[in-house]
1. Filter the stretch 380-401 down to residues that are surrounded by fewer than 17 Cβ atoms within 10 Å (Cβ to Cβ) and touching a Gly at 6+ places or on another chain (Cβ under 8 Å) and give me whichever is nearest to His193 (Cα to Cα).
2. Among the numbered conditions (1) crowded, with 16+ Cβ neighbours inside 10 Å; (2) more than 20 Å from Pro152 (Cβ to Cβ); (3) not aromatic (Phe, Trp, Tyr), tell me where Thr239 comes up short.
3. Might you let me know whether the stretch 196-204 holds any residue that is at pLDDT 95 or above, within 16 Å of ligand 2 (Cβ to nearest atom) and either touching a Gly at 6+ places or on another chain (Cβ under 8 Å) or over 22 Å from Phe302 (Cα atoms) (or both)?
4. Which one is farthest from ligand 1 (Cβ to nearest atom), of the residues in the stretch 265-298 that are among the charged types (D, E, K, R) and crowded, with 17+ Cβ neighbours inside 10 Å?
5. Can you name the number of the only condition in (1) more than 16 Å from Val178 (Cβ to Cβ); (2) at pLDDT below 95 that Asn297 fails?
6. Pairs under 6 Å by beta carbon, first residue under 13 Å from Gly345 (Cα atoms) in the stretch 245-268, partner assigned to a helix (DSSP H, G or I) and near ligand 2 (Cβ under 9 Å from one of its atoms), six or more apart or different chains?
7. Name every residue in the stretch 330-350 that is buried (at least 21 other Cβ atoms within 10 Å of the Cβ) and not acidic (Asp, Glu), in order of residue number.
8. For the condition within 15 Å of ligand 2 (Cβ to nearest atom), at pLDDT 95 or above and over 25 Å from Gly365 (Cα atoms), what is the one hit in His217, His251, His260?
Amino acid sequence: MSDPNVPLLSDLHDQLDAATKRGRAAGELDSALGDQAVLVFGTPPRAASLSDPTDRRAFLARAGALSLAIPGIGAALTACGPQQGSRDTAKPKEHDEEEHAERAQTAPHRNSDSKLDSAVLRDRQHHGSSATRDATQGAQGAVYRRYDPTLPPRAGSRVQLHWHARDTPVRISDDTVVAGWTFEGDIPGPIVHCRVGDTIEFTLTNDAVVPHSMDFHAAQIDPKVAFRSVPQGQSVSYTFKPKWAGVFMYHCGTAPVLMHIGSGMFGAIVVSPAEPLSAAKEFVLVQSEMYLAEAANGVRAFDYQKMLQTTPDMVVFNGRPNQYVKDPIRVKVGDRVRFWVADAGPTHPCQFHVVGEQFDTVYLGSPPANSIRGVQTFSVPAGGGMCFELLCDIAGEFPFVNHGFGHGQKGAIGFLDVEP
Ligand code: CU
Ligand code: CU
């Protein structure tokens with residue numbers, strides 16, 4: 001017998017739908033739904049207090065010791081600008097931490113990559129948050145936009161991308177604007193679609209004050225060269241050919257990577273296999289966590305200390321909490337649906353599940369191989385991606401969720417509406 005005190009997902013959907021139609025913001029929906037909404041739509045608890053300060057000091061000391069501290073970021077990084085094709089000549093692996101600390105004090109370093117760079121943390125202007133001038137300016141005017149989850153068509157065998165790293169406020173719900181560090185002005189960055197063996201010619205130009213870089217998980221390439229950081233006004237270019245099919249995360253790899261992914265610098269590239277998969281409606285979902293400071297001047301900055309605590313304020317698909325509850329993904333009965341699910345983290349996995357449905361196929365690795373059949377839930381690790389397929393043979397409104405509900409109810413939920 002069902003417990004009358006336990007809410008049904010369908011009831012919650014109706015209530016949320018009604019509340020959404022009244023134009024309420026996500027935060028207000030929680031209170032509108034009351035305590036029973038805790039199953040799916042609870043109010044995110046406040047983040048836990050900062051952890052043991054001893055641990056933090058130890059971390060920061062280590063970060064400081066390893067850091068490639070940059071008194072004048074631009075000057076220090078000029079040596080690894082795009083014109084210089086040679087490898088970075090620093091040999092950090094051969095030095096111990098003491099030597100690093102010494103080097104940090106005596107000589108400018110070449111690159112902020114690859115180590116726990118605490119340059120951002122030391123920047124008194126930023127206080128370990130993403131609140132740069134460009135990321136906060138004009139926050140009131142930032143317009144909410146649903147992130148289209150539809151897989152875009154493949155562009156051709158040669159894909160040329162010239163992206164900009166850019167600080168900008170991003171409205172993620174009616175009542176919340178975040179101070180984003182972005183690729184191309186959105187969180188996540190653009191969805192890229194190619195095929196195994198295509199050529200990706202990529203250039204990143206950094207328009208932001210902090211150095212940035214680009215790490216494509218779909219590339220097999222020397223990271224020290226290709227994924228190097230570039231200071232404001234400079235660019236880095238590289239070319240790669242994806243060898244394996246799947247959905248792969250990309251992200252800024254500039255240290256501290258946690259801060260850069262956590263502030264919005266991530267996205268997904270879908271690499272279709274050489275032999276086409278069966279026809280399907282294809283969607284891309286990138287899960288990420290949001291660790292936010294209190295609002296200041298109408299914008300919430302991403303907070304590095306909260307990222308270290310790993311208790312997110314929100315967990316979201318494609319950068320906005322509950323966006324596909326407000327505006328579901330719609331398909332028709334008879335459609336095959338393929339979800340390419342990437343988990344950008346920065347820390348937690350996504351236990352992907354569709355309520356009332358089952359995946360007939362989940363590809364653990366490169367499709368069409370590595371498939372398992374008849375799956376209810378599968379976990380996509382932080383920094384990973386998987387392909388989930390289901391056949392929509394009955395009509396209905398099916399919630400897709402992170403079934404780790406402590407995170408699902410913080411915003412990692414949406415609806416797949418299967419229309420007759
Ligand atoms: Cu970055
Ligand atoms: Cu990575």
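The values are calculated or read from the model by the stated rules, or taken from the named source; none is laboratory data. None of the values given here were measured: they were computed from a predicted structure. Here Cβ is always computed from backbone atoms with ideal geometry, including for glycine, and neighbour counts include all displayed protein chains.
1. Pass one, the stretch 380-401, residues surrounded by fewer than 17 Cβ atoms within 10 Å (Cβ to Cβ): 381, 393-396.
Right, trim to touching a Gly at 6+ places or on another chain (Cβ under 8 Å) and you get 393, 396.
Values: Asp393: 27, Gly396: 29 Å.
Only one residue fits best here, namely Asp393.
2. Of (1) crowded, with 16+ Cβ neighbours inside 10 Å; (2) more than 20 Å from Pro152 (Cβ to Cβ); (3) not aromatic (Phe, Trp, Tyr), only one is false for Thr239: (1).
3. Step one: list which residues in the stretch 196-204 are at pLDDT 95 or above, which gives 196-204.
Cutting the leftovers down to within 16 Å of ligand 2 (Cβ to nearest atom) gives us 202, 204.
Keeping just the survivors that are either touching a Gly at 6+ places or on another chain (Cβ under 8 Å) or over 22 Å from Phe302 (Cα atoms) (or both) gives 202, 204.
Yes: one or more hits.
4. Lys281
5. If we test Asn297 against (1) more than 16 Å from Val178 (Cβ to Cβ); (2) at pLDDT below 95, just (1) comes out false.
6. His251/Ile261
7. We begin by selecting, within the stretch 330-350, every residue buried (at least 21 other Cβ atoms within 10 Å of the Cβ); these are 337-346, 348, 350.
Once the filter is applied, which keeps residues that are buried (at least 21 other Cβ atoms within 10 Å of the Cβ) and not acidic (Asp, Glu), the stretch 330-350 yields Val337, Arg338, Phe339, Trp340, Val341, Ala342, Ala344, Gly345, Pro346, His348, Cys350.
8. Numbers: His217 fails: over 25 Å from Gly365 (Cα atoms); His251 fails: over 25 Å from Gly365 (Cα atoms).
Going through His217, His251, His260 in turn, the sole match is His260.
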